[in-house]
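**Student:** For reference, the structure I am asking about is given below.
The values are calculated or read from the model by the stated rules, or taken from the named source; none is laboratory data. None of these values were measured; they are calculated from a predicted model. Here Cβ is always computed from backbone atoms with ideal geometry, including for glycine, and neighbour counts include all displayed protein chains.
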Amino acid sequence: MSISVLGGGAFGTALAIALSGDGSEVSLWSRDRLDADRMRETRMSGKALPGLSLPASLTIARDIPQADIALVAVPAQRVRAFLEENGERLTDCAIVSCAKGIERGTGLGPVDVITSVLPSARAACLTGPSFAVDIARGLPTALVLAMRGDAEPVQRALNRPALRIYRTSDVSGAQLGGALKNIIAIAAGIAIGAGLGDSARASVIARGFAEMSRYARQRGAETETLQGLSGLGDLVLTCTSEKSRNFSAGVLLGKGGSPDADATVEGIATAQAVAAEAAKMGLDMPLTNAIAAVTEGHLDIPMAIETLLSRPAGKE
């Protein structure tokens, strides 16, 4: 099956390199024409993930190519606009979102956004514990393909020896796990940046996972999915590594700074979207509410910490 990767950021570039490394023909399209031209001329990866050679079978496309599988590697808040602009070119392929987030204003995950824009699309998401640089370098990585219907052909097409693709039909669980962990990663980063220590971070991870699970189950997710790669696996990775943009953003916040405005920190918009939805559902989401309030400017870090630590110590 032919594969196109739409989005020349770090993750899209990494997937394109990994998928074409065995000689498979893969196309990579980037909205940044200058960056794409440089990749085409130099056969080196672009500015989002620099310093890597591009496999000979990887084509840097000038226009969105026709393919059997389109991996849409754009941030969660931009998926809808991208599809509205380019959907007519994607009518005959499986559309796989690589975003991890919840759309602000609708509360929808990436797969739901795809089907809301293109109702007849074969929509899926690719998620799980992964850093772009690890994938690009061929380090062993396991991801989850979540798709309603027959996912096996897409799974086989994307699977590689070092890029293990597992499949699930629990789309809700997979996309929520990948999105919600970003909120908790920001909270874990704040704990470290504010000097609260590793024990506090461990508590954030554990209580954050419970919070994720409560919300996801209310949205129809299966518990086993949250306990797998796309939930707990991704949570542990992003809460313990400085490679995580969400964790690093949290560290900056904890130190009294602000995240890089040019960096994609999906957990900020996701926290705001989930806090609003959870309030409507009557769910107790203290960490999510705190991150939403901090990133919206309604609460400072010391007050957020004091608020969380003053909560009654209830039953585990």
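**Student:** Among the residues that make up the stretch 124-131, is at least one of them outside any strand (DSSP E or B), in contact with an Asp or Glu (Cβ under 7 Å, 6 or more places away or on another chain) and in contact (Cβ under 8 Å) with a residue 60 or more places away in the chain?
**Tutor:** Looking for residues that are outside any strand (DSSP E or B), in contact with an Asp or Glu (Cβ under 7 Å, 6 or more places away or on another chain) and in contact (Cβ under 8 Å) with a residue 60 or more places away in the chain, one finds at least one in the stretch 124-131, hence yes.
**Student:** Give the stretch 229-263 a look and list any residue that's surrounded by fewer than 17 Cβ atoms within 10 Å (Cβ to Cβ), under 17 Å from S130 (Cα atoms) and among the basic types (K, R), or say none.
**Tutor:** K243
**Student:** Taking the residues in the stretch 210-228 that are surrounded by 15 or more Cβ atoms within 10 Å (Cβ to Cβ) and in a loop (DSSP other than H, G, I, E, B) as candidates, determine which candidate is modelled with the lowest pLDDT.
**Tutor:** R219
**Student:** Condition first: within 13 Å of the chain's Cα centre (by Cα) and outside any loop (DSSP other than H, G, I, E, B). Can you find one or more residues in the stretch 114-123 that meet it?
**Tutor:** No, that holds for no residue.
The rows are residues; the columns are (1) of a type in the set (S, T, Y); (2) within 21 Å of T127 (Cβ to Cβ).
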{"residue": "C239", "(1), (2)": "no, yes"}
{"residue": "R245", "(1), (2)": "no, yes"}
{"residue": "G250", "(1), (2)": "no, yes"}
{"residue": "A261", "(1), (2)": "no, no"}
{"residue": "T264", "(1), (2)": "yes, yes"}
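**Student:** Taking T106 and the conditions (1) under 22 Å from the mean Cα position of the chain (by Cα); (2) among the hydroxyl-bearing types (S, T, Y); (3) under 24 Å from A142 (Cα atoms), which numbered condition does it fall short on, given that it satisfies the others?
**Tutor:** (3) is the only condition that T106 fails.
**Student:** Still on this structure, please answer the following. Being more than 20 Å from L58 (Cα to Cα), in contact with a helix residue (DSSP H, G or I) (Cβ under 9 Å, 6 or more places away or on another chain) and not in a strand (DSSP E or B) is the filter here, so list the residues in the stretch 133-155 that pass it.
**Tutor:** If the condition is that a residue be more than 20 Å from L58 (Cα to Cα), in contact with a helix residue (DSSP H, G or I) (Cβ under 9 Å, 6 or more places away or on another chain) and not in a strand (DSSP E or B), then P140, R148 are the ones that fit.
**Student:** Looking at the stretch 203-246, which of its residues are within 19 Å of I102 (Cβ to Cβ) and among the basic types (K, R)?
**Tutor:** Answer for the stretch 203-246, where residues must be within 19 Å of I102 (Cβ to Cβ) and among the basic types (K, R): R214, R217, R219, R245.
**Student:** Could you please give the count of residues in the stretch 73-82 that are at pLDDT 95 or above and either polar (S, T, N, Q) or over 18 Å from N182 (Cβ atoms) (or both)?
**Tutor:** Matching residues across the stretch 73-82 total 3.
**Student:** From the set of residues in the stretch 89-113 that are in a loop (DSSP other than H, G, I, E, B) and among the hydroxyl-bearing types (S, T, Y), which is surrounded by the most Cβ atoms within 10 Å (Cβ to Cβ)?
**Tutor:** In this case the residue turns out to be T106.
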